[in-house]
1. Let me know the charge dipole size of segment 225-334 about its Cα centre in debye, to the nearest 20, where only the beta-carbon of Lys, Arg (+1) and Asp, Glu (-1) is charged.
2. Relative contact order for segment 107-218 using alpha-carbon pairs under 8 Å, separation at least 6, rounded to a whole percent?
3. Cross-link candidates for LYS339: which aspartates and glutamates have Cα within less than 14 Å, leaving aside residues fewer than 8 places away along the same chain?
4. So for each of 362-369, 540-547 I average, over its residues, the number of other beta carbons within 10 Å; can you give me the resulting order with the highest mean first?
5. Once you sort the root eigenvalues of the Cα gyration tensor of segment 408-473 as a ≥ b ≥ c, which label holds: rounded (a/c under 1.5), prolate (a/b larger than b/c) or oblate (the other case)?
6. Can you flag which of LYS210/LYS442; LYS186/LYS459; LYS79/LYS141; LYS82/LYS141 are past 28 Å Cα-Cα?
7. For the residue pair SER462 and VAL90, what label-to-label distance in nm results when each label sits 7 Å from Cα along the Cα-to-beta-carbon direction?
8. I need the shape label for segment 132-171. Rule: rounded when a/c is under 1.5, else prolate if a/b > b/c, else oblate, with a, b, c from the alpha carbon gyration tensor.
Amino acid sequence: MKSVSKIACTLTAVLSLTLGLAACSGNNSGPNAAGNGKNASNTTSKGTYILGEQPLEFSFYGHYDWYTMPNWGEDLSTKWIKENKQVNVVPVSSGGNAKQKLSTMIVSGELPDVIWTERGSDVEQLRQAGALVPFDDYLDKYPNLKKWAGEETLNMLRSEDGKLYQFPNWYTTQPNGNSGYLVNKKIYNELGAPSLETTEDLYHYLVQVKQKYPEVVPLEVGQGAEGIDVLSSAFAENRPYQYSALSMMAVPSGNELTSVFKDAAFRESLVYANKLFQERLISQDAFTQTREQVEQKIITGNAAVYAASSPTEFGAIGHSLLEAEDPEAGYIMVWPVHKQGLDKNKIFPGSYNQLGWNVSVITTAAKDPEAVFAFLDWFTGPEGQRIIMWGPEGIYWEGTDDEEAPLFTEAFTTDTKGRDELMNATVNLQWNGNTVYVDNSKMKFESTLPEELKSWETKWQSEITWKTQYDTTEFVNLAPAGDSQEGIISQSVSEIYEKARAQAVLNAGSEAEVLAILDKADQDAAQVGYAELLAFKTQKWQDNLSKLK
């Protein structure tokens, strides 16, 4: 990382940081032009950086409390990249407190070369302070991102100044996603494989589980009780849980975004969740448990049903472990549950959008930002994706077809343990996922296999999850800047939302009490300016729609 004191001063003002650290001062200069230090540029006569001809090292910070980057070079994939492309990535840890860590780096004048984070206000505040490098001059020189993401997606990612600063992760032009319901196969079959189509079916099933398997969590709802959000999709057609999640807190009605607290599906879902909680049918530590605690329940088979935004992540590991001990054990997925009377084919527990999940930004601390972009662009291209997903050539794939899809070897289907271990080792290193390339490569191969040889995760993606994710591209970029009037309101509404959601599930003793809590939350939100925030989000939504026409 490089000293960026001038930028730090600006950012301190922009972000209104109050860490009590020393004021920015001194004679350190801002970022210099590329070409000095560890990443001295190696370019062709046309000015294109040639990846792999000389060492490239950069620091990488994942801006999440939960994220710890695996050591680069310790798995087969990144070891190959390190040796063959001469790229070394140095992790910068959040220490479990991402907000504090980023603030500390800003005030101290040291930013990492790359920040991996959510789209939105943090990115914009860094951009406004002049701390980010635009990619526009690189797009034609390094063509993978432009080719695979497309102009429409890149335009949706551009900032107000018209420039592109964000490198998307798992961007797509086709449905994807894993949100839904995982079911413990052994328990399900022992209980007679009953119907699990409606919310009533689910309730009666959970009661049975509690009676016969008292040591098992009937319904695991994951870290932060995200499964309760997923359940909200069961109570209305064409309504992904994103609408009522903390990230959006706004529900479309006609041409406007309206209060989540008044939304019928959200209210009914919390009444339902409260009933399940009071009868001890869902995780009693749902709002406080860690990600690791959730993982342990799933991989050891100590949950009968698991509802989450990506239950397949732990489900694939758990299925493999449980099935290895008992062929009758493991996990299946079921079609998303729905309220009686609704069309099950219009129930969407999850969502996807063209922009994908999150983004990587290159800061002006990078000594050669073009070299870093060249690597990220290679990483998102066919070769980079093949290696980070399925390892170096020669083990699980050998050569490619005319569409650059890998030709998988026999070991891909026979050495499933080794394959899964390799793929699991790189999950948290997939920062620039190319959804269309990866998914199409998998599906092309899987379509040639008999049922018993298909991978567990791909089977359920093709049969259920990809068919039940809702396209929410029109709702991206709704969050206001944190230091704006709308951003301050958003923070207040978020606090009201989180408190009300938890109280409605944990503390209410009846349906009437749940609804009273939400009514009070709506009133409290109105007092801090919720209407102004909804108007802001509505305008952003309408702007998105105009770009997507």
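Read-outs throughout are calculated quantities, based only on the coordinates presented, and are distinct from any laboratory measurement. All figures in this text were calculated on a predicted structure; none of them were measured in a lab. Note that each Cβ is placed from the backbone with ideal geometry, even for glycine, and that neighbours are counted across all protein chains shown.
1. 460
2. In percent, rounded to a whole number, it is 15.
3. The qualifying aspartates and glutamates are GLU197, GLU200, ASP201, GLU237, GLU268.
4. Answer by packing, highest mean first, reads 362-369, 540-547.
5. Judged from the Cα gyration tensor, segment 408-473 comes out oblate (a/c at least 1.5, b/c at or above a/b).
6. LYS210/LYS442
7. 4.5
8. Judged from the Cα gyration tensor, segment 132-171 comes out oblate (a/c at least 1.5, b/c at or above a/b).
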